[in-house]
1. Filter the range 115-156 down to residues that are assigned to a helix (DSSP H, G or I) and farther than 21 Å from VAL21 by Cβ, then give me how many there are.
2. Step by step: first the residues of the range 178-206, then only those that are open to solvent by less than 60 Å² (accessible area, probe 1.4 Å), of a type outside the set (A, V, I, L, M, F, W, C) and more than 20 Å from the chain's Cα centre (by Cα), then the one that is nearest to PHE57 (Cα to Cα). Which residue is that?
3. Among the residues of the range 2-22, how many are closer than 21 Å to HIS80 by Cβ and open to solvent by 10 Å² or more (accessible area, probe 1.4 Å)?
4. Is it the case that GLY102 is in contact with a Gly (Cβ under 7 Å, 6 or more places away or on another chain), touching a residue at least 60 places away in the same chain (Cβ under 8 Å) and in a helix (DSSP H, G or I)?
5. Looking at the range 220-227, is at least one residue surrounded by 15 or more Cβ atoms within 10 Å (Cβ to Cβ), among the small types (Gly, Ala, Ser) and either at pLDDT 90 or above or within 15 Å of THR79 (Cβ to Cβ) (or both)?
6. Give me the residue from the range 67-99 that is among the aliphatic types (A, V, I, L, M) and over 30 Å from ARG174 (Cα atoms) and, out of that set, most open to solvent (accessible area, probe 1.4 Å).
7. LEU50 - would you say it is buried (at least 22 other Cβ atoms within 10 Å of the Cβ), in a strand (DSSP E or B) and either in contact with a Pro (Cβ under 9 Å, 6 or more places away or on another chain) or in contact (Cβ under 8 Å) with a residue 24 or more places away in the chain (or both)?
8. Can you list residue pairs whose Cβ atoms sit under 6 Å apart, with the first residue in the range 207-222 being in contact (Cβ under 8 Å) with a residue 40 or more places away in the chain and the second being surrounded by 15 or more Cβ atoms within 10 Å (Cβ to Cβ) and of a type outside the set (Val, Ile, Thr)? Count only pairs 6 or more apart in sequence or on different chains.
Amino acid sequence: MITESVDDAGIAELVLDAPPVNALNLKDIATLAGHLRSYADDERVRVVVLRGAGHGFCGGGDVKEVQSLPGFEGILGQTHGSMELTTAIAECAVPVIGAVHGWCIGLGVLVAGVCDVLLAAPGTPFVLAEADNGAASGMIQAIGLMPEKRLRAALFTAEPVTAEELHHFGSVLRLVPAEELPASARDLAGRVAAKNPAVLRALKAATDESIGRDIRGVFRRELAHTLDLNLRGESAPLRENFVRGTRGSYLQTGRTADEQDAP
């Protein structure tokens, strides 16, 4: 479930609330993207805070849903949804502040990679799970978090990149204890929302035009490799390893067996 609230200061708060680990199914993805797109015509909204409820930010896409749908319906839905969600964040008319804690896996990393500003709790692992799920896409979003060589290592190993590393790179603005993260994100959002709303929207558009990435175009080309792997039958067995519980956890402590990882 995705919950939305907009306060009098113009702060829209979007909360991922899908226990146990905030894995996003196709409905959640569409709902979240729809809210973000709607702010283009909602003059009340000056800034967005995107965070997760519970013990972690986002456990990725719902692999169990992908595996349960007939034919290629699941993987097509998840890859299309990943494109629509990440472009909705990147193209949002107002700045998007991501507040990440607990864990950030697969699609969660792609989402974090396209937020305008990130806060994160110390120790939070960011895991690109593509190698373990038979995917070869998401690099255009994740390059917003780390340098190329670090990205390559994270992709090839599916080993965590810590919030501390990302803070060192400058892609995480500030490390904030998990229990203080929602309030800290709202405080930062309040300082942004206090600026002239027309200027904020112009700054967001100008920044995207100047230093933005062609996420839709590049991601579509990346997805060709992911879809090719699925058509050749390489990917489904890897996802099934997760569904059956035969694949080890990325996090050896604090995770349940029901953790989801994005395809």
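The values are calculated or read from the model by the stated rules, or taken from the named source; none is laboratory data. From a predicted model like this one, the values you see are computed outputs, not experimental measurements. With ideal geometry, Cβ positions are generated from the backbone for all residues, glycine too; neighbour counts draw on all protein chains shown. Ligands, DNA and RNA are stripped out before the accessible areas are found, and what is left, the full protein with its side chains, is counted by its heavy atoms. Shrake-Rupley method; radii C 1.70, N 1.55, O 1.52, S 1.80 Å.
1. Filtering the range 115-156 for residues assigned to a helix (DSSP H, G or I) gives 130-133, 139-142, 148-156.
Narrowing further to those that are farther than 21 Å from VAL21 by Cβ: 139-140, 148-153, 155-156.
Final tally of qualifying residues: 10.
2. Ranking the qualifying residues of the range 178-206, first place goes to GLY190.
3. So the count comes out to 2.
4. Numbers: in contact with a Gly (Cβ under 7 Å, 6 or more places away or on another chain): yes; touching a residue at least 60 places away in the same chain (Cβ under 8 Å): yes; in a helix (DSSP H, G or I): no.
Taking the combined requirement at face value, the residue does not satisfy it.
5. The answer is no, given that none of the residues of the range 220-227 is surrounded by 15 or more Cβ atoms within 10 Å (Cβ to Cβ), among the small types (Gly, Ala, Ser) and either at pLDDT 90 or above or within 15 Å of THR79 (Cβ to Cβ) (or both).
6. Applying the first criterion (among the aliphatic types (A, V, I, L, M)) to the range 67-99 yields 69, 75-76, 83, 85, 88-90, 93-94, 96-97, 99.
Imposing the further condition that a residue be over 30 Å from ARG174 (Cα atoms) reduces the set to 69, 75-76.
Working: LEU69: 45, ILE75: 6, LEU76: 89 Å².
Ranking the qualifying residues of the range 67-99, first place goes to LEU76.
7. Values: buried (at least 22 other Cβ atoms within 10 Å of the Cβ): yes; in a strand (DSSP E or B): yes; either in contact with a Pro (Cβ under 9 Å, 6 or more places away or on another chain) or in contact (Cβ under 8 Å) with a residue 24 or more places away in the chain (or both): yes.
Yes; evaluated as a whole, the condition is true for this residue.
8. Listed by first residue and then by second, the contacts come to ILE215/ALA90; PHE219/MET83; GLU222/SER137.
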